[in-house]
Amino acid sequence: MDLINVELISNTPLYNSIIGARTCWKSFNKDDYQTEENIGENNKKLLERLVYQYHHESVIEHTVYTFKLQKFSRFILQELARHRIASFSVESTRYVIKKDIINFQKIFENYNNITYTEKYNTVKHFCVIPYISSYVPEDIHLQFDILHKIYLKVKAEIPNDEIKYILPENWRVNNMLFTINARSLRNLLKLRTSKSAHFEFRYLATLMLRVLPKEHRILYKDIEDQIVQDLNLENTDDIYKLSNMEILKRILGSKFAGGMNV
Ligand SMILES: Cc1cc2nc3c(=O)[nH]c(=O)nc-3n(C[C@H](O)[C@H](O)[C@H](O)COP(=O)(O)OP(=O)(O)OC[C@H]3O[C@@H](n4cnc5c(N)ncnc54)[C@H](O)[C@@H]3O)c2cc1C
C-alpha cells in the first residue's frame, strides 16, 4: 500500500467561497481578506458559522480541488466512483495491460526459477499488497500465477478487452485525475475516513486531506477531530506531520503486517 500516492494538482481559492457567502448576505463591508494565507478574522468566523452552525454549505461549492490519485486498487475506484458530485479521468486498462506486462517479460519467462522476492516485487508493481496479516505468502504465489497467465495471454496476442476478465480486484489504478468541490469533498472525507469505511479508502481519503492547502483546513475541522480520535493521535498537527506509513499503521491497527513480512 506504500505506493499509493495523492497529489493536489490545483485548487481554486478559499476566497471564492467567502465571496459566495458575502454575496448572499450583502456583507462585503465586513470582508477583511488579505491573502489566501491570511483570509482575515471576520472571514474565518463567517466560514466557520456557515459550515458548522448554519450548514449553508452550498457557498463552499465555489472552492474546487483537482487531485492526482495513483496506484490504488480498482475496487476502491468502484467505491470512489459512487461519489457522483465529482469529475473523473482514469487511465484505461484497455491501453496499458500489454505495455506494462511486457516490461516484466524476463521474470515471466523465467517462471520456474524466480525467487519469492522477485514474485513479491512483480505482484507489488501490478496489484496493491494490503499489508494485513490475513494476506499471506500463498497469496503472493496465487497473484503471481494470475499475472503469469495474463502474460501468456498477452504473448498469444489476445486483446486487452478480453484479458480484463481475469484481472484481480486489487489491480492498481496507475493514474487518475479527480476534481471535486469542497462541499462534496467534505461529504467524501466524512464517509471515507470513518472507521466503517474500507481501510484502503480510509488511507486514500486521509492522504487527500493531508495535501489540502493549510488555510483550507478551516473547512474540515470536524473531520480532523474525528480522525484524531479514531487514530489515537495527540492533536490535529499529527494528521499532517506523521509519515504515510505511520498513518497507514494506525488505520490498520492490529491487522497491520509490514511490507515484506508477507
Ligand atoms: C461505510 C460505507 C458502506 C457502504 N456500503 C454500500 C453498499 O453496501 N452498497 C452500496 O451500493 N453502496 C454502499 N456505499 C456507498 C454509498 O451508498 C454512497 O453511494 C457513497 O458513499 C457516495 O455517497 P453520496 O451519495 O453521499 O455521495 P455523492 O454521490 O457525491 O452525493 C453527494 C450528496 O449529494 C446528494 N445527492 C446526490 N445524488 C442524489 C440523488 N440522486 N438524490 C438526492 N440527493 C442526492 C446527497 O446529499 C449526497 O450525500 C457505502 C458507503 C460507505 C461509506
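What to note about this one:
- By definition, a body whose alpha carbon gyration tensor gives a ≥ b ≥ c is prolate when a/c is 1.5 or more and a/b is larger than b/c, and the chain fits this prolate description.
- Computed from backbone phi with θ = phi - 60° and the Karplus coefficients 6.51, -1.76 and 1.60, the 3J(HN,Hα) list for region 97-114 is 3, 4, 4, 6, 5, 5, 5, 9, 3, 4, 4, 5, 5, 9, 2, 7, 10, 7 Hz; x is used for glycine and proline.
- Helix-only mean residue ellipticity at 222 nm for the chain, each DSSP H run of n ≥ 4 adding -39500 (n - 2.57), per residue, nearest 500: -13500 deg cm²/dmol
- Projecting the Cα atoms of Ile18, Ile85, Ser184 onto the charge dipole of the chain (Cβ charges, centred on the Cα centre) puts Ile85 farthest toward the positive pole.
- Projection of the Cα convex hull of region 109-262, averaged over all directions and equal to a quarter of that hull's surface, yields 11.1 nm².
- Segment Ile132-Lys149, extension gain: residue separation times 0.36 nm, minus the distance between their alpha carbons: 3.6 nm
- Extension gain from Asn244 to Asp31, taking 0.36 nm per residue of separation minus the Cα-Cα distance: 72.9 nm
- Ordering of 8-20, 88-100 by packing [mean C-beta count within 10 Å, highest first]: 8-20, 88-100
- Listed by chain and number, the lysines placed with their C-alpha closer than 18 angstrom to that of Lys45 are Lys26, Lys30, Lys214, Lys221; residues fewer than eight positions away on the same chain are left out.
- Residues of region 138-153 with an amide N closer than 19 Å to a point placed 7 Å from the Cα of Arg94 along the Cα-to-Cβ direction: none.
- 13 Å reach of a label modelled at Glu41, 7 Å along Cα-to-Cβ, counting backbone N of region 18-32: 32
- Its Cα gyration tensor gives region 93-172 an equivalent ellipsoid; the semi-axes, largest first and in whole Å, are 21, 15, 10.
Values quoted throughout were computed directly from the atomic coordinates according to the rules given, and no laboratory measurement underlies them. These numbers were taken from a predicted model, which means no experiment stands behind them. With ideal geometry, Cβ positions are generated from the backbone for all residues, glycine too; neighbour counts draw on all protein chains shown.
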